[in-house]
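I have placed the structure first, in the form of structure tokens, so that the comments after it can refer back to it.
The values are calculated or read from the model by the stated rules, or taken from the named source; none is laboratory data. Worth saying up front: this structure is predicted, and the values here are computed from it rather than measured. Reconstructed Cβ throughout: ideal geometry from the backbone, glycine too, with neighbour counts over all protein chains shown.
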Amino acid sequence: RRDAHLAGSALLFGVTLKVLPISGSDTWLHFIMPAVALGYFATPAIMRLTRSGMLEVLGSDYIRTARAKGLRTGSVLFKHALRNALAPVVALTAVQLGFMLGGSVVIETIFALNGVGYLAWESISHNDFPVVQAIVLLISLFYIVLTLAADMANAWLDPRVRIG
């Protein structure tokens, strides 16, 4: 059902209304539909996790204490609540970005973008295994860096996570 909705949106904005280009990479407008297609499945999970984390944190004792001290609502929300609710969101975002790297193979092929994903598709179809191995290694290294950055961000957000 989501795929049909996404394809319908691409047809509406690209073919019927001719607001956005369907393929190519000439201007920044060419990247709007591929970006929406890549982020379409990751965004709801991140939003749900952020919402549930914020609802859980807003009911905690230290938030009531901060409000009782007379801190402004913005300060309570952003400095106290959001900082503590973001730890699982950062970890999920790193994992979702890794999935998007794999999805870029399909998206770049569909929208005729020349990138690493399209190179992977062309290399697989031409049995160019050394290039496929190099791309898999590159994407794996990028995924490792993403998870390391997420762990470092979580250590910065929550000092209790830091090791010795």
task: Could you tell me whether residue 86 is touching a Leu at 6+ places or on another chain (Cβ under 8 Å), modelled with pLDDT under 85 and more than 24 Å from residue 34 (Cβ to Cβ)?
output: no
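For a quick check of your reading: which helices (runs of 4 or more DSSP H) sit entirely within region 1-74 and have at least 3 residues that are more than 18 Å from the chain's Cα centre (by Cα)?
2-10, 42-58, 61-68
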message: For region 107-152, give me each residue that is under 30 Å from residue 83 (Cα atoms) and buried (at least 17 other Cβ atoms within 10 Å of the Cβ).
response: 139, 143, 146, 150
message: Can you go through 38, 20, 82, 55 and tell me which one is at negative phi and surrounded by fewer than 16 Cβ atoms within 10 Å (Cβ to Cβ)?
response: 55
message: As an exercise: evaluate residue 112 against (1) touching a helix residue (DSSP H, G or I) at 6+ places or on another chain (Cβ under 9 Å); (2) free of Cβ contacts under 8 Å to residues at least 40 places away in the same chain; (3) closer than 26 Å to residue 32 by Cα and give the number of the one condition it does not meet.
response: (2)
query: Can residue 120 be described as within 29 Å of residue 79 (Cα to Cα) and either in contact with a helix residue (DSSP H, G or I) (Cβ under 7 Å, 6 or more places away or on another chain) or of a type in the set (Gly, Ala, Ser) (or both)?
result: no
